[in-house]
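The values are calculated or read from the model by the stated rules, or taken from the named source; none is laboratory data. Keep in mind that this is a model prediction, so the values were computed, not measured. For neighbour counting, all protein chains shown are included, and Cβ atoms are generated from backbone atoms with ideal geometry for every residue, glycine included.
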């Protein structure tokens, strides 16, 4: 019975966030805390000849100064979990030792009695650099020249070819082939809360607690234990409130390990809160691919094959998943279409920049962008309607599960239904008429479509570097309150609400009786984390199945208490009832239950004598008191489940964007935005809308504004939000959103995931709209971000 | 984002602030702090003493005196944006204020602080040039007045000498039929003017321009008056053609700035486009 | 970041070249240069307090004169490091006799790193132009002041 699932339940997280009562890492204040400031490289590539820390170390209030030499043998390297054939993995020490390899590379750490002293002392450390040639341009770096890691002999971290089907034959059999170079510019995730770490070592207990703003508390615990060399069960990671991550906190960072180690050295709590400047420099970036796509098609618009040759700018080192991200691009190159042959040739390349890694979408936005741009390029080549080209290549609803030439099996879908709904919602025919009129008046108006598929619910463990399952424990406390513990620790998604909805419905209890606990490895069973649009599909399913397990036990206890056979107990709306037949046999009607007077401090005794129905909360109490449970049953009422998904899920949808371009300035204005998303069953439409809105905003950022720019010396010139342009509320249009609902057969909830849909589906819709607006100028493609000057130059020429 | 150490003194009067400035050549004045403090947090500015003049009562006011509009230097952008008096008699000022930063910036930042900082992309410099404002500067030796045109000397450099405080901005209230406008291309990240143009037109009943005063910011190292545009407008009957033709002179003789967002070429073009738009909008608004 | 231009001075080329390579004059011309001490031929250690408006930083570094072909050409290399980051500048000066005076054609390339590169990009070009203008204005003053080269009949 569904009282909460599917409803627009307000987020229970929000009151504390809105009132400023939530606790982020920096809100946790411990006595005697020391503060850490980092000296970071101001060069992209330099030999560190000497570091003079004397003046800093002698400053009043400075407790310790560490350089790379001090810690190289003490703290293990920053880990990379991606396993690819012949992958070169550089030794990534937590502080640079002999060379600095990117602007922002940490070189020294100052520990002081307050953060001001630490920051001042950092300025007193003098680093003697010998500047080396910076490797900046990824295509040049792939060819040779200066090397990021001399010992590797080149800048190539790996090469990988993926895909199925005979691509050569597919291209030959095509009526036409078209190719296009595309740049997916480097982006910074810019979570509202930067990273932060507080580490506290208890010398007596030999235990270390690390508070960190992370998406993966348990994986972080395992990795930190290995890096620092502390038993994993002596290390506790706590993830308090996390103000966004977008993938950037799906990682293990040098600072997290170093802070833990420093606390162990000094026996005091140590804290570091990342500044925005550090955040732009030294938190992972996303995207950064330069590729050429070649597509073969028949004259009727049928795609026969697609090849994508791409160089991926990995940065100087591998963070947790750096090299794996471009491989996700390869998986999704079939998009929403039947493409018989697909090949991706990816070259991962080292450059003197911050590492790239998972940023909302993580490899899939690149694929969707390639495929959705290709659809428009093919349409332009064949002078066909872009809508028709898409329709022609969609698999039909009855063709699912649908096998792609990238090796995936799409679970379920009806792509035409989402497209049709989006066309309807946008008033597509009248939009085309309006566009014709605008063009006749010399105005620039464009309509862009993107029909995307994404891969979510990451994922089956076979396909994941470190387990793809998720865990849940559900416990009903003696007082009837329900505790849900999830391994999928959220960082803004709202699992405290959505998982409570699932639990309250499944248990038939009031949602206010449910508390969702996450992000503390000392309390919550091992889990994987929140990323890859997996939390609900995998973690929510774990909650559901844990409850089902719990209910099996509760039913046994209920039968015992109601003195009947378990098979004659039925559960509905939070109550176990003895079925009518057996109730009649017992010959009792429900008696009035006297309220017992319990001695102070004692638990109330369940008043169950002769009852024919019991709430699950009453059963929980009985299970804890354990006087009325079957002899072969464990006391207590809790269950844990680790859910292993059998496949990924494949949400899809169609986004339509309408733009107007100011001919005088080249400025793009989004005048209409329609999104129809299908993320399977919806637990909370309000959360889904929020995810879609936020994702589209980040897509607008990529399409129009954002770009991490390193100059030719490798200096990061978009080092602050003064220059790195995140879209603001005033730059964002009204969104018209709707859904189709195709349940996923992969999990019993039927959910697919929606966390990344916006950043995957929207970017190409916006770019397609701008290219469409500029079609009168013969424009077939433009690289992002579509800044006004770029467009003005086209109009001018 | 932690500034270097500095001392802080809150001045209660202008004289007190002037004394403090005189005693410490490394002192900086703090008003709203929305230009200086970010630079200090990046340690690009490291004054040893901040003299806070932001709370001096008689530095924040908007009044009309003898046909002149007088504005205290510590008046916030928001106070100007929301001033009913200014909306009536000098709408360019509230309009310009509304383009500055965001709500928080407008609540704290001051007109005096902004013009004294002289950011090359600040909004106020264009407006005060277009309004032919006089900048009243106080020092130990009394007061002097500098025309807005002469106030902005170079990149972040003004006519203010060491030991001086910008006290007031004076604008002659226009008489007759006047049209004013400020238009701007916002930098998508910073909100600063990629190009900002303030236009202040005196028109006769027939729509003939009897006096045009234009200020342009964001284009060069400092805000400037495009003399060529003004002379083309003066005496002309304003229509799309005359306006467009006048606007072609928007960056005549100007060393146009280029950056990551807009090259010098593009900025030069934007200066013309926004000049045209500012003049048209000013003409539209003329009453 | 590159700047280029031509600056004309009403003085003989030899005099201008002399001034442009005289460490004492250079110290006064290089904006904010507080000291310039010779460490080798044509190589100096410098302390500069450079900046615009309230944005200022202290840089320590070197000034080196290279490829000297009196009186027509030389290259000046300035590099400095300080809390706001680093600055490296190369200036190529070509002197030509023109209109009875000297035209200095200059090409400068400036590279910056650290905070100034990360947050200052929108102003760097204007700042470089301003510093170059300051350099030549001071040079004019210096050459104008030292008028031993002037023939007695030339009005000052």
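Things to note:
- Residues that are in contact with a strand residue (DSSP E or B) (Cβ under 8 Å, 6 or more places away or on another chain) and in a helix (DSSP H, G or I), drawn from the stretch A:509-543: A:513, A:535, A:536, A:537, A:538, A:539, A:540, A:541, A:542, A:543
- Taken over the stretch A:715-727, the criterion of being touching a residue at least 24 places away in the same chain (Cβ under 8 Å) and within 14 Å of chain C (Cβ to nearest Cβ) is satisfied by A:715, A:716, A:718, A:719, A:720, A:721, A:724, A:725.
- Qualifying residue in the stretch A:101-121 (condition: within 14 Å of chain B (Cβ to nearest Cβ), out of contact with any strand residue (DSSP E or B) (no Cβ under 7 Å at 6 or more places or on another chain) and not in a strand (DSSP E or B)): yes
- Residue match in the stretch C:118-126 (condition: modelled with pLDDT under 90, touching a strand residue (DSSP E or B) at 6+ places or on another chain (Cβ under 6 Å), buried (at least 22 other Cβ atoms within 10 Å of the Cβ) and within 14 Å of chain A (Cβ to nearest Cβ)): yes
- The stretch B:10-40, residues that are within 11 Å of chain C (Cβ to nearest Cβ) and either more than 24 Å from the chain's Cα centre (by Cα) or in a loop (DSSP other than H, G, I, E, B) (or both): B:26, B:35
- In this structure, residue A:262 qualifies as out of contact with any helix residue (DSSP H, G or I) (no Cβ under 8 Å at 6 or more places or on another chain), farther than 27 Å from residue A:326 by Cα and crowded, with 21+ Cβ neighbours inside 10 Å.
- Neighbours by Cβ (under 6 Å, 6+ apart or cross-chain): first from the stretch A:728-750, within 14 Å of chain B (Cβ to nearest Cβ); second modelled with pLDDT of 95 or more: A:732/A:697
- Test: residue A:754 is assigned to a loop (DSSP other than H, G, I, E, B), buried (at least 24 other Cβ atoms within 10 Å of the Cβ) and in contact (Cβ under 8 Å) with a residue 60 or more places away in the chain: yes
- Restricting attention to the stretch A:776-793, the residues that are within 12 Å of another protein chain (Cβ to nearest Cβ) and within 36 Å of the chain's Cα centre (by Cα) add up to 8.
- Failed item in (1) farther than 28 Å from residue B:283 by Cα; (2) surrounded by 21 or more Cβ atoms within 10 Å (Cβ to Cβ), with residue B:93 passing the rest: (1)
- Counting only strands (runs of 3 or more DSSP E) wholly contained in the stretch B:86-164, the ones carrying 1 or more residues that are away from chain C (no Cβ under 14 Å) and in contact with a helix residue (DSSP H, G or I) (Cβ under 7 Å, 6 or more places away or on another chain) occupy B:134-139.
- Verdict on residue B:59 being away from chain C (no Cβ under 12 Å) and either modelled with pLDDT of 95 or more or exposed (fewer than 15 other Cβ atoms within 10 Å of the Cβ) (or both): yes
- Scanning the stretch A:160-198 for residues that are over 25 Å from the mean Cα position of the chain (by Cα) and farther than 25 Å from residue A:300 by Cα returns a single hit, A:161.
- Subset of the stretch A:381-420 [in a helix (DSSP H, G or I) and buried (at least 20 other Cβ atoms within 10 Å of the Cβ)]: A:386, A:387, A:389, A:390, A:393, A:415, A:418, A:419
- Listed by position, the strands (runs of 3 or more DSSP E) contained in the stretch A:160-223 that have at least 1 residues being over 26 Å from residue A:244 (Cα atoms), in contact with a helix residue (DSSP H, G or I) (Cβ under 8 Å, 6 or more places away or on another chain) and free of Cβ contacts under 8 Å to residues at least 60 places away in the same chain are A:207-212.
- Comparison of C:112, C:87 shows that the only residue that is part of a strand (DSSP E or B), at the interface with another protein chain (Cβ under 9 Å from one of its Cβ atoms) and crowded, with 16+ Cβ neighbours inside 10 Å is C:112.
- Where strands (runs of 3 or more DSSP E) sit wholly within the stretch B:169-231, none has at least 3 residues that are within 14 Å of chain A (Cβ to nearest Cβ) and closer than 14 Å to residue B:243 by Cα.
- When A:301, A:348 are checked against the criterion of being touching a residue at least 24 places away in the same chain (Cβ under 8 Å) and outside any loop (DSSP other than H, G, I, E, B), a single residue qualifies: A:348.
- Enumeration of residues in the stretch A:675-709 that are within 14 Å of chain C (Cβ to nearest Cβ) and surrounded by fewer than 22 Cβ atoms within 10 Å (Cβ to Cβ): A:707, A:709
- Whichever residue in the stretch A:376-396 is free of Cβ contacts under 8 Å to residues at least 24 places away in the same chain and touching a helix residue (DSSP H, G or I) at 6+ places or on another chain (Cβ under 9 Å) and, among such residues, is nearest to residue A:176 (Cα to Cα): A:385
- Within the stretch B:246-274, residues that are over 29 Å from residue A:706 (Cβ atoms) and within 14 Å of chain C (Cβ to nearest Cβ) have Cβ atoms under 8 Å from residues that are in a helix (DSSP H, G or I) and modelled with pLDDT under 95 in these pairs: B:255/C:129, counting only partners at least 6 apart in sequence or on another chain.
- Per-region count, the stretch C:43-84, residues assigned to a loop (DSSP other than H, G, I, E, B), more than 13 Å from every other protein chain (Cβ to nearest Cβ) and buried (at least 16 other Cβ atoms within 10 Å of the Cβ): 1
- Just one of the numbered conditions (1) assigned to a loop (DSSP other than H, G, I, E, B); (2) surrounded by fewer than 21 Cβ atoms within 10 Å (Cβ to Cβ); (3) without any contact (Cβ under 8 Å) to a residue 60 or more places away in the chain is not true of residue A:712: (3).
- Screening the candidates A:9, A:28 for the property of being touching a residue at least 40 places away in the same chain (Cβ under 8 Å) and farther than 21 Å from residue A:499 by Cβ yields one hit, A:28.
- Failed item in (1) surrounded by fewer than 22 Cβ atoms within 10 Å (Cβ to Cβ); (2) in contact with a helix residue (DSSP H, G or I) (Cβ under 6 Å, 6 or more places away or on another chain), with residue C:129 passing the rest: (2)
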